[in-house]
Amino acid sequence: MSYARLSRKPLLFRSFTGLEIAEFDVISKEIESKYYEHERKHLYNRKRKRDVGAGRPFKLKVKERFVMLLVYYRLYITYTLSGFLFDLDQSNVYRDISMLEPLIKLCVPLPKKLYKRTRRARTIDEVEEEYFPGFKAFVDSTEQEIPRPKNKKRRKSYYSGRRKKHTVKTQYMVNSEGLILHKTGHERGRIIHDYEIFKNKPPLIPLQVENVLDLGYMGIQNDFPTVKSVLQFRKSRKKSELSNEEKKYNRKHSKLRVIVEHTVSRIKKFGIMGTKFRNKLGRYDRASDIVSGLINFRIMQNNRTLL
């Protein structure tokens with residue numbers, strides 16, 4: 001498998017990599033322009049034990065290694081199969097992917113980068129036009145299964161009673177265009193309520209922006225009175241049925257919040273985020289950052305074409 005061969009079939013290219021050919025080319029050029037400086041810093045690192053120039057050279061060019069990484073992320077195949085497809089040993093596949101990941105993070109719009117920009121917004125108009133159209137933000141959490149930990153304490157802390165599996169949780173905040181503006185690091189699956197993640201790591205956004213939430217965030221209005229939060233109506237013991245107006249409001253609320261559901265669905269289309277995470281948990285946040293950055297890049301490219 002190679003870029004030249006795969007690019008002849010645009011539908012397969014998008015299916016295998018998650019990007020259009022034009023989108024891939026833009027990111028690939030950015031990676032190649034920064035590769036020399038990135039590699040120089042790596043080679044001249046003080047912790048490096050080998051001399052500069054020592055070690056095995058890369059068999060694949062930077063563009064081909066980027067294709068391999070995307071295919072691995074999208075299809076989440078084994079390193080053995082990746083090595084067979086790209087004519088590499090499976091240990092070289094791991095090395096090529098892990099060494100390219102930090103560079104890709106520099107070349108895509110990560111939520112962390114966008115979040116810092118939102119904090120620097122000076123005027124209300126800038127907040128709305130650049131980051132929060134309609135002064136709305138949508139927050140939701142998602143779970144992903146992980147292998148059963150060997151350590152007994154870790155096994156207990158990562159067990160999700162709701163999913164009946166060992167999982168990790170991540171919280172995302174998106175705007176009305178689906179752009180991911182904030183993402184937490186992974187949390188233990190034992191955490192039952194989404195609100196607990198929000199309470200521990202609340203995204204700091206302008207006071208004018210409304211947080212549109214689901215019922216998993218009950219309690220936010222009491223604990224964060226200065227935060228504009230919008231939730232659905234819920235049934236109570238005293239009130240077994242909602243009124244027609246409340247049901248109508250809840251339907252309208254759900255239609256608004258579907259944007260964050262769509263964004264989470266886009267993330268999970270990458271197999272590394274949608275199926276059981278087989279890698280070490282130390283790599284989880286790096287992978288979720290890169291996938292979020294790729295999603296953001298596609299959304300930003302589509303918005304530019306519409307303009």
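The values are calculated or read from the model by the stated rules, or taken from the named source; none is laboratory data. Keep in mind that what you see is a predicted model, and the values were worked out from it rather than measured. Glycine gets a Cβ as well: all are built from the backbone with ideal geometry, and neighbour counts include every protein chain shown. Protein only, heavy atoms only, side chains kept; ligands, DNA and RNA dropped before computing areas. Shrake-Rupley method; radii C 1.70, N 1.55, O 1.52, S 1.80 Å.
Quick notes on this structure:
- Here the extension length gained between N302 and L207 equals 31.3 nm, from 0.36 nm per residue of separation less the Cα-Cα distance.
- Residue-wise HN-Hα couplings along the range 211-227, as the Karplus relation 6.51 cos²θ - 1.76 cosθ + 1.60 with θ = phi - 60° gives them from phi, are 8, 8, 10, 9, 6, x, 10, 4, x, 5, 5, 7, 7, 10, x, 7, 8 Hz; Gly and Pro carry x.
- Within-12-Å neighbourhood charge of M218 [Cβ basis; K, R +1; D, E -1]: -2
- Under a 5 Å amide H cut-off, with hydrogens placed 1.01 Å from N, S160 pairs with K165, H166, T167 among residues at least 5 apart or on other chains.
- As an equivalent ellipsoid, the chain spans semi-axes of 38, 23, 19 angstrom, where each value is the square root of five times an eigenvalue of the C-alpha gyration tensor, largest first.
- A simple packing score, the average count of other Cβ atoms within 10 Å per residue, orders the peptides 4-17, 171-184 as 171-184, 4-17, with the highest score first.
- Accessible carbon and sulfur surface of the chain relative to its total accessible area, %, 1.4 Å: 51
- Cross-link partners of K153 among aspartates and glutamates, defined as those whose alpha carbon lies under 18 angstrom from its own and excluding same-chain residues fewer than eight positions apart: E145, E187.
- Here the contact order of the chain, divided by its residue count and restricted to Cα pairs under 8 Å and six or more residues apart, works out to 19 percent.
- For the range 188-222, the residues whose amide N sits under 19 Å from a probe point set 7 Å from the Cα of E261 along the beta carbon direction are 194-195, 211-218.
- Restraint check, K41/K113; K113/K165; K183/K276; K105/K183; K9/K112, Cα-Cα greater than 24 Å: K113/K165; K9/K112
- Residues whose amide H comes within less than 5 Å of that of V212, counting only those at least five positions distant or on another chain, are A137, F138, V139, V230 (H built at 1.01 Å from N in the peptide plane).
- Proximal aspartates and glutamates to K252, defined as alpha-carbon separation beneath 19 angstrom and excluding residues fewer than eight positions away on the same chain: D140, E177, E210, D214, E241, E261
- Rounded accessible area per residue of the chain, 1.4 Å, Å²: 58
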